[in-house]
């Protein structure tokens, strides 16, 4: 699937998540199925390759209700934040990892890169400052920002701490981000020296290259 098609698909997914799973979501899935069927009939090489790849996957849908976690185990992480996995590594054979991030306190991660993964942010509520390369954006509900692999990026929640901020984040391919967040939630990095933490993060696909945009959450 081309990168542009991937982004259009997840822009639609993000819009559905703001309202939860509903009958309209079912209609959208049915409509998308008819599009793929039509394209397949035309013999498109791209669509044929996509369908062939899907043939190797489980045919079981993954439905996660609003406010719920894929494994029913939300991850408390990063100074009061909570991560709700929506699509796990195992669901896509490592092609995609998607989670909803719920944030109370202001701040965010240090400036960093992912050598082998693209990252996409879709704001569900609240307000975030997002920096990608030399560009900085103020993103609110309904806005999205794409951070290509190898490009330095960071974000920070900037709205009032009395109001929750939420965003959908995807990694493509999934890499080891899911296992990294699980390790952080379990407190494993707290026993490591700064050098050991840096090596652990690099092994899981994240390399810190600069300071946080505002307050560093860790």
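The values are calculated or read from the model by the stated rules, or taken from the named source; none is laboratory data. Bear in mind the structure is a predicted one, so any value in this text is a computation, not a measurement. Virtual Cβ from ideal backbone geometry, glycine too; neighbours counted across all protein chains shown.
For residue 201, state whether it is buried (at least 19 other Cβ atoms within 10 Å of the Cβ), touching a helix residue (DSSP H, G or I) at 6+ places or on another chain (Cβ under 8 Å) and under 22 Å from residue 80 (Cα atoms). So that I can check it myself, show each step before the final result.
Working: buried (at least 19 other Cβ atoms within 10 Å of the Cβ): yes; touching a helix residue (DSSP H, G or I) at 6+ places or on another chain (Cβ under 8 Å): yes; under 22 Å from residue 80 (Cα atoms): yes.
Criteria met by residue 201.
Take region 143-158 and flag every residue that is surrounded by fewer than 16 Cβ atoms within 10 Å (Cβ to Cβ) and over 15 Å from the mean Cα position of the chain (by Cα).
Result: 150, 151.
Scan region 71-88 residue by residue and report those that are free of Cβ contacts under 8 Å to residues at least 24 places away in the same chain, surrounded by fewer than 20 Cβ atoms within 10 Å (Cβ to Cβ) and over 13 Å from residue 217 (Cβ atoms).
Step one: filter region 71-88 for residues free of Cβ contacts under 8 Å to residues at least 24 places away in the same chain, giving 71-74, 82, 84.
Next cut, surrounded by fewer than 20 Cβ atoms within 10 Å (Cβ to Cβ) only: 71-74, 82.
Correct list: 71, 72, 73, 74.
Taking the stated definitions as given, is residue 217 surrounded by 17 or more Cβ atoms within 10 Å (Cβ to Cβ) and modelled with pLDDT under 95? Spell out how you get there, then give the answer.
On the way: surrounded by 17 or more Cβ atoms within 10 Å (Cβ to Cβ): yes; modelled with pLDDT under 95: yes.
Taking the combined requirement at face value, the residue satisfies it.
Go through region 122-179 and tell me which strands (runs of 3 or more DSSP E), entirely inside it, have 3 or more residues that are assigned by TED's automatic domain parsing to the domain that holds residue 93, within 25 Å of residue 202 (Cα to Cα) and modelled with pLDDT of 95 or more. Quick ask: steps written out before the conclusion?
Working: elements: 127-132, 135-140, 144-147, 153-157, 165-172.
Ranges flagged: 127-132, 144-147, 153-157, 165-172.
Working carefully through the options 90, 110, find the one that is modelled with pLDDT under 95 and either in contact with a helix residue (DSSP H, G or I) (Cβ under 8 Å, 6 or more places away or on another chain) or under 30 Å from residue 188 (Cβ atoms) (or both). Outline the logic, then answer.
Working: 110 fails: modelled with pLDDT under 95.
None of the other options fit; the residue is 90.
Can you name the condition, by its number, that residue 190 falls short on among (1) under 21 Å from the mean Cα position of the chain (by Cα); (2) more than 16 Å from residue 153 (Cα to Cα); (3) at pLDDT below 95?
The number of the failed condition is (1).
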